1. Among (1) assigned to a helix (DSSP H, G or I); (2) within 19 Å of residue 130 (Cβ to Cβ); (3) open to solvent by 40 Å² or more (accessible area, probe 1.4 Å), there is one condition residue 75 misses while meeting the rest; what is its number?
2. Please work out which residue is surrounded by the fewest Cβ atoms within 10 Å (Cβ to Cβ), limiting yourself to region 42-52 and to residues that are part of a helix (DSSP H, G or I) and not hydroxyl-bearing (Ser, Thr, Tyr).
3. Being small (Gly, Ala, Ser), at pLDDT 95 or above and touching a Gly at 6+ places or on another chain (Cβ under 7 Å) narrows it down to one residue among 79, 73; which is it?
4. Name the one entry in 128, 95 that is open to solvent by 30 Å² or more (accessible area, probe 1.4 Å), modelled with pLDDT of 95 or more and not charged (D, E, K, R).
Amino acid sequence: MKVAAALAGGLAGTLTVASIHEALRRVTPNAPRMDLLDMELVRKGLKSINKKVPGETELQRWAVGGELLCDTAYYCLAAMGGKKGVWARGAVLGLVAGVSAVVLPKPMGLPSAPSNKTLGTQLMTIGLYVMGGLVAAAITQLVDNAQRKNEKEEEVFDSAEPYSASVS
């Protein structure tokens, strides 16, 4: 698959996770708060390299930027290995990301409550990332199919005999 298809899928997966996360946050008190976890991760990282931690608004921007970049790169992996297996790779990538978001915060010295508050929170966290992986796979496949179709049409057009009008 081409880079454009991978990037489109990766970005779509990332935006799906962020959108559903924000929607859940607004409707249920037990929603995962990955935004808080992301901000804490940036805060901890900056402190570990002895850099000044910005205020909350700037910290949130850094967290969103980091999430956009890293999650997009991560979900691009669904395109690795070609068309065959793109759905399985997307699902596995999402599952791994979701389980990691539930399991890893505590061992990393981060607060675990944002993704671990209740069993429902844990399931929503995992579901968010699985949905992101599936959307990444779907968009990757759609963009790849569109690119292949365009290439075939260009080949047909390029190989067609040029029209020549003859005047008798």
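The values are calculated or read from the model by the stated rules, or taken from the named source; none is laboratory data. All figures in this text were calculated on a predicted structure; none of them were measured in a lab. Cβ coordinates were reconstructed from backbone atoms using ideal geometry, including for glycine residues, and neighbour counts include every protein chain displayed. These accessible areas exclude ligands, DNA and RNA; they are computed on the full protein's heavy atoms, side chains included. Shrake-Rupley method; radii C 1.70, N 1.55, O 1.52, S 1.80 Å.
1. For residue 75, the exception is condition (3).
2. Here is the first cut: in region 42-52, the ones part of a helix (DSSP H, G or I) are 42-48.
Restricting the remaining residues to those that are not hydroxyl-bearing (Ser, Thr, Tyr) gives 42-47.
Details: 42: 22, 43: 17, 44: 13, 45: 13, 46: 15, 47: 11.
Residue satisfying both the conditions and the ranking: 47.
3. Step by step, each of 79, 73 is checked, and only 73 is small (Gly, Ala, Ser), at pLDDT 95 or above and touching a Gly at 6+ places or on another chain (Cβ under 7 Å).
4. Values: 128 fails: open to solvent by 30 Å² or more (accessible area, probe 1.4 Å).
Matching residue, one of 128, 95: 95.
Rundown of residues vs (1) in contact (Cβ under 8 Å) with a residue 24 or more places away in the chain; (2) out of contact with any Pro (no Cβ under 7 Å at 6 or more places or on another chain); (3) within 30 Å of residue 143 (Cα to Cα); (4) open to solvent by 40 Å² or more (accessible area, probe 1.4 Å), yes/no style:
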| position | (1), (2), (3), (4) |
| --- | --- |
| 2 | yes, yes, yes, yes |
| 13 | yes, yes, yes, no |
| 20 | yes, yes, yes, yes |
| 23 | no, yes, yes, yes |
| 32 | yes, no, no, no |
| 37 | yes, no, no, no |
| 40 | yes, no, no, yes |
| 54 | no, yes, no, no |
